[in-house]
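Input: a single structure, listed below in structure tokens.
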Amino acid sequence: MKTKRPLIFLAAALVGALAFTTGIAHAADPLPSWNDTAPKQAIIAFVEKVTKAGSPDFVSVPERIAVFDNDGTLWPEYPVPFQLAFVFDELKRRVPNEPKLAADPMVQAALAGNLAKLAAGPQHAGLLRIIALTHTGMTTDVFDARVKAWLASAKDKRFGKPYDQLTYQPMQEVLAYLRANGFKTFIVSGGGADFMRVWTEPVYGIPPEQVVGSTARTIFELRDSGPVLIKTMDNPFVNDKTGKPVGIWQFIGRRPIACFGNSDGDVAMLQYTTIKNPHPSFGLIVHHTDAAREYAYDANAAVSGKLVEGLIQAPQRGWSVVDMKNDWKRIFSFEP
């Protein structure tokens, strides 16, 4: 009997150690909102490869640059991008007190939800018109205050949540995982840089100087109250499609080794990141396939987020494609 007791204790100790080790492994999962499918495995394998000292694939910390599209990649963009929701809400707020604004045909189209009229023409003149009315002719401080006030009060109609609570939890985990491994994370988006820089730091942990977006000329004035910057629509730079690699070079100055997007507007950025990069590289496309928890669309995107060419090129280029319905355990942090 005495000889068996040490064996019993040893067996119990081994079981306990196994349970403890399993718990540690689970707790150490850097991407807990991802199912253990190919995209998650590819992300982790890439990070481990480029951060392993002494490996032929090792990439030094200064070269660990990761770029993320914002709309549709880090938070929703369907049925309209959130910046456009801000535009619509600003028009609704101002119209009752500004008769001239209320009489504008494009403002009327926006308030009526006539997206087809706003998007008509090669330059989308209607959209540019209402963006100009809500984004320019004011100081940067005034614009910042209006965006902050909107974020503090506005809620998405479908989910009933403030817009800054609708970030994708799996992508938040990717941002944190990359930064924990020496990556510098940038937003490279077609959205307005001034709009995004107001909130990206508290929402994503990405400071304003690491946000590359669409811009226009800003004018300096020295007033009696002090120096101010005035927003205009002059000399616009649209940071979309082939503009994204240009924006990366102009504002970052380093070629990324990791790129995350969701639409054909991100294809050029993915190509720039992954084709003949002197370092190991990684590309990922978020494919919106979950109509129950979010939205399902690709070729049929209403305003932005069309995804056709990206899906064609992904297998050829070795880009990972996230099937939101099957690859993500949850989409938003408020889900169980």
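Just so you know, all these numbers are worked out from the coordinates, no wet-lab data involved. Bear in mind that the values here come from a model prediction, so they are computed numbers and not experimental data. Positions of Cβ are backbone-derived with ideal geometry, glycine not excepted, and every protein chain shown enters the neighbour counts.
What is the dipole size for the chain, taken about its Cα centre, with +1 at each Lys and Arg Cβ and -1 at each Asp and Glu Cβ, in debye to the nearest 20?
740 debye
What is the local net charge at Asp266, summed over the other residues whose Cβ is closer than 15 Å to its Cβ (Lys, Arg +1; Asp, Glu -1)?
Its environment carries a net charge of -3.
Measure off 7 Å from each Cα along the Cα-to-Cβ vector at Arg93 and Lys325, then give the distance between these two points in nanometres to one decimal.
3.8 nm
Helix-derived [θ] at 222 nm for the chain: sum -39500 (n - 2.57) over DSSP H runs of at least 4, divide by residue count, nearest 500?
The helix-only estimate for the chain comes to -12500 deg cm²/dmol at 222 nm.
For Phe237, which sequence-distant residues (separation of 5 or more, or a different chain) have an amide H within less than 5 Å of its own amide H, given hydrogens modelled in the peptide plane?
Amide H neighbours of Phe237, under 5 Å, 5+ apart: Thr215, Ala216.
For segment 243-336, state which trypsin sites (Lys or Arg not before Pro) are in a DSSP loop and have at most 10 other beta carbons lying within 10 Å of their beta carbon.
Those satisfying the criteria are Lys276.
List every DSSP H helix in the chain whose Cα atoms extend 27 Å or more along the helix's own long axis and whose mean Kyte-Doolittle hydropathy is at least -1.0.
4-27
Determine the alpha carbon to alpha carbon distance for each of Lys117/Lys329; Lys52/Lys161; Lys92/Lys231; Lys161/Lys325; Lys52/Lys241 and list only those over 30 Å.
Lys117/Lys329; Lys52/Lys161; Lys52/Lys241, as the Cα separations exceed 30 Å there.
Give the relative contact order (percent, whole number) for the chain; include only Cα pairs under 8 Å separated by 6+ residues.
Worked out over the chain, it gives 22 percent.
Each residue of segment 191-205 in order: what ³J(HN,Hα) in whole Hz does its phi give by Karplus 6.51 cos²θ - 1.76 cosθ + 1.60, θ = phi - 60°, with x for Gly and Pro?
With the stated coefficients, segment 191-205 comes to x, x, 4, 5, 5, 6, 5, 5, 10, 5, 5, x, 8, 10, x Hz.
Could you check the simple spin-label distance between Phe237 and Ile275, using points 7 Å along Cα→Cβ, in nm with one decimal?
Rounded to a tenth, the inter-label distance reads 2.2 nm.
Report the FRET efficiency, 1/(1 + (r/R0)^6), for Asp144 and Ala53, where r is their Cβ-Cβ distance and R0 is 30 Å, rounded to 0.05.
Between Asp144 and Ala53 the formula returns 0.10.
Between Val228 and Ala103, what length in nm is gained on full extension when 0.36 nm per residue of separation is reduced by their alpha carbon distance?
Separation in residues times 0.36 nm, less the Cα-Cα distance, equals 42.0 nm.
Would you please name the trypsin sites (Lys or Arg not before Pro) within segment 29-108 that are DSSP coil residues with at most 16 other C-beta atoms within 10 Å of their C-beta?
Lys52
Rounded, prolate or oblate: pick one for segment 230-334, where a ≥ b ≥ c are the square roots of the eigenvalues of its C-alpha gyration tensor, a/c under 1.5 means rounded, and failing that, prolate if a/b is larger than b/c, else oblate.
Note, shape of segment 230-334 comes out oblate.
Subtract the Cα-Cα distance of Thr136 and Ala176 from 0.36 nm times their separation in residues, and report this length gain in nm to one decimal.
Going from the current span to full extension adds 11.0 nm.
Could you give the length gained by full extension between Phe220 and Asn114, i.e. 0.36 nm per residue of separation minus their alpha carbon distance, to one decimal place?
Separation in residues times 0.36 nm, less the Cα-Cα distance, equals 34.6 nm.
Which residues' amide hydrogens lie under 5 Å from the amide hydrogen of Tyr168, considering only partners 5 or more residues apart or on another chain, with H built in the peptide plane?
Residues meeting the amide H criterion: Trp75.
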